[in-house]
Every structure is written in structure tokens, then in C-alpha cells.
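Below: one structure, written as C-alpha cells.
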Ligand code: ACO
């Protein structure tokens, strides 16, 4: 099918909270060590949002930066898609709160939850509105305060996660750049390996958590590890095949930042050097759906990306969910 319009990323922005939580600080909270965390995950520190700060503020700031970078006005935005598993409120949605804070009065706004794959889901869904001519400018903002659903008594999870926000402007582009083939998928039958209960939890789920802690992350780390190592390679290969490209045509893979060993496994499976895999988890930890747009913004601002570069964005997460997209850099 011929698509009448193309959707490209014309602006990016991100924010990490000021407060750092280092591995050494975690040593005084749970029985762990900097050495164990670095060796098993590659993470050295993560950023944590202040108790008194709403996530929407972080999300709005990342959004303002993306809007400025795209050189448009808040009024030009016609749709805001926010992705998060840790919204301040169920309603108003994070997207509506961002709309208010940035003054994007003409935009429709809704939240999406595909856990760590949220940004790729948002990209795949939003690009349809550009391609079919409905909208010209969409804001996607992915923001997470995982510290608010982290059990700091559970050393198996509390060393992994951090907070942050990343945003992009998706606009109609009239050259060969923009988003190419993308895939999104889910394996709901395996969802029990990574859970955060909300208003209800089974007795079994409750028994996996510390006494009195309901709304916190529980994860079977090795099951998630195996799924992630496999699905990242498979998703990337599928997108490349759909695009008629090989891995040699790709300048960078920008993956969800969960664990350096997962990224090394994926690199081996794809037969690419680690230099092609963008990483920042060393100082962000895993910030769920925010991790890909935060990396994208960093890579752009550090000058790693030039117009026409071909990138693969790829993620996996709770659900279980997965997704990947080919992106030809527009700016
Ligand atoms: N410090 C010290 N020891 C620890 C720690 C810690 N923080 N955590 C676990 N251990 C211990 C365990 O208790 C275990 O000890 P035991 O053998 O005496 O029981 C030992 O280390 C090994 O534990 P494993 O769980 O087998 O360690 P593994 O090498 O698998 O690493 C990890 C665990 C890091 C969680 C890994 O499985 C992983 O990264 N999995 C994927 C996680 C992930 O990507 N999650 C997010 C995906 S989706 C999303 O982003 C929300």
C-alpha cells in the first residue's frame, strides 16, 4: 500500500532528575555491592525523582525541549501520546497534564501502557495518523518514576531501575527520511514473569512481595533475561527484512536499556559490534518506556546522528511486550 505521507522525528528532548542514587549508596540499603551490580547489569547509578515532584513536571519539561528542538509552537501539536506505567493520576492522564503544562490547547491527549515497549508502541500508532494525513505534528512523551513502584527491600529489582523522561515530535516530512517498517507484539501468556499490581492482586502475586508491599515491581529476572535476549534480535531482524535492509545498513541500534548483558547477547545474535549499540544505562539504569527516547535525544545532542542515518529502535518489557522500528534520521 502506498502511504501518502511520511512521519519523521523532527525534535527530541529529555530530562533526568537531579538526584543520583549510586550503587555505593544502595550498598547501605540492601545486601549488594557495586561490583555485583556492575558485573551483572552494567549499571553504576540511576536518577531518582524527588518525593514532592509530580512526574508530569518531568514529562512537560522533556516535551518543551522537544518542541523547541523541532522549532514549532505548542499550538502546532494536534495529538499528545504519553507512555508510562507510573502516572501521577489515572485521571487526568499524564498526556492531559502535559497538555495543560505546555499549553498545547489544540491537542487531543491520551496515555498508553505497553511497559518498557511503550515508546515503540506509541511510535507505531502515532505514525499512522501522520501517514494517513490526519495530523501533521504529534508529541510522544515517555516518562517514568519507577522509584515509586520499587521495593527497596528487594535487591533483585531495586538495583535495576531509575526515573526520567524523553519526548519526540513526530511530524510530516517530505523527503526519504522518517519512520520505516515497525513491528509491535505481545506475549500475554508470559505476563506473570514481570508484574506491578494496581487495584487488585492475586494471593500468589502478593506472596511474592515483601509484607505490606502491593504496588511494587516483582520480576523473574532470568525469564525476562532470556525473553529479552531472544526478542531483541528477532524484532530487529524482522524490521530489517521488512525494509529490505541488512544490519550493515544500520548506523546505530538504540535499544531499551535494561541490562548490558542483554545488549551484549543481542549484539552477538545480530553479529554487530557493541560500538553500534547505543548505551547509557551505566548512569540511568532502566527507565522503562523513557529509555529509548532519552537515548535518542542524547545521541542526537552529542552529534552522533546525521541526516539519512538509519537507526533501529528496539524494546521489550512487561506484558510481555516487544517492538522495533526502522528510523531514518530527519534532522
Ligand atoms: N546484589 C547481590 N546479589 C544479588 C543481587 C544484588 N543486587 N540480586 C540478586 N543477587 C543474588 C541472588 O540472590 C542469587 O543468589 P543465590 O544464588 O544465593 O540465590 C545470585 O545473586 C544470582 O541471582 P540471579 O537472579 O541468577 O542473577 P542474574 O545473573 O540472573 O542477574 C538480573 C539478575 C540482573 C535481575 C538479571 O536476571 C536481569 O537483568 N534480568 C532481566 C531484567 C530486566 O531486563 N528487567 C526489565 C525488563 S522489562 C522492564 O524494563 C520493566
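A Gaussian network model of the chain, with springs between Cα atoms under 10 Å, assigns the largest mean-square fluctuation among 64, 306, 136 to 306. Structural descriptor for region 1-99: relative contact order 32 percent, calculated from alpha carbon pairs under 8 angstrom and at least 6 residues apart. Over region 90-220, all Cα pairs binned in 10 Å intervals from 0 give whole-percent P(r) values of 10, 33, 31, 19, 7, 1, listed from short to long.
Mean-square fluctuations from a GNM of the chain, with a 10 angstrom spring cutoff on Cα atoms, peak among 186, 165, 315 at 186. Between 108, 82, 167, the GNM of the chain built on Cα springs shorter than 10 angstrom shows 108 fluctuating the most.
Entry note, region 6-175: relative contact order of 35 percent, from Cα contacts under 8 Å with a spacing of 6+ residues. Put in order of Cβ neighbour count within 10 Å, fewest first, the listed residues 91, 134 become 91, 134. When 10, 226 are sorted by how many other C-beta atoms sit within 10 angstrom of their C-beta, beginning with the fewest, the order is 226, 10.
Taking other C-beta atoms within 10 Å as the exposure proxy, 262, 287 rank 262, 287 from fewest upward.
For region 180-328, the equivalent ellipsoid derived from the alpha-carbon gyration tensor has semi-axes of 31, 16, 13 Å in decreasing order.
Just the C-alpha atoms of the chain: what Rg/Rh do they give, with Rh taken as the Kirkwood radius?
0.95
Taking every C-alpha pair closer than 8 Å and separated by at least 6 residues, the mean separation divided by the residue count of the chain gives a relative contact order of 26 percent. A compact globular protein would have a Cα radius of gyration near 2.2 N^0.38 Å; the ratio found for region 177-264 is 1.43. Compared with the dominant principal axis of the Cα atoms in the chain, helix 221-243 is inclined by about 10°. Can you give the FRET efficiency for residue 261 and residue 31, using 1/(1 + (r/R0)^6), R0 = 30 Å, r = Cβ-Cβ distance, to the nearest 0.05? So the FRET efficiency works out to roughly 0.90. For the chain, the 222 nm mean residue ellipticity estimated from helices alone, with every DSSP H stretch of n ≥ 4 adding -39500 (n - 2.57) and the total spread over all residues, rounds to -10000 deg cm²/dmol.
Let's test the formula: R0 of 25 Å, r as the Cβ-Cβ distance of residue 247 and residue 176. What FRET efficiency results, to the nearest 0.05?
The computed FRET efficiency comes out at 0.80.
Computed from the alpha carbon atoms alone, the convex hull of region 6-175 holds 117 Å³ per residue.
Between 0 and 90 degrees, the angle of helix 291-301 with respect to the longest Cα principal axis of the chain falls at about 50 degrees. Express in whole angstrom the spacing between the alpha-carbon centres of region 1-56 and region 295-331. Answer, in whole Å: 16.
Axis angle, to the nearest 10 degrees, between helix 260-270 and the longest C-alpha principal axis of the chain: 50 degrees.
Bear in mind that the values in this text are calculations on the coordinates, not laboratory data. Computed from a predicted structure; not experimentally measured. Note that each Cβ is placed from the backbone with ideal geometry, even for glycine, and that neighbours are counted across all protein chains shown.
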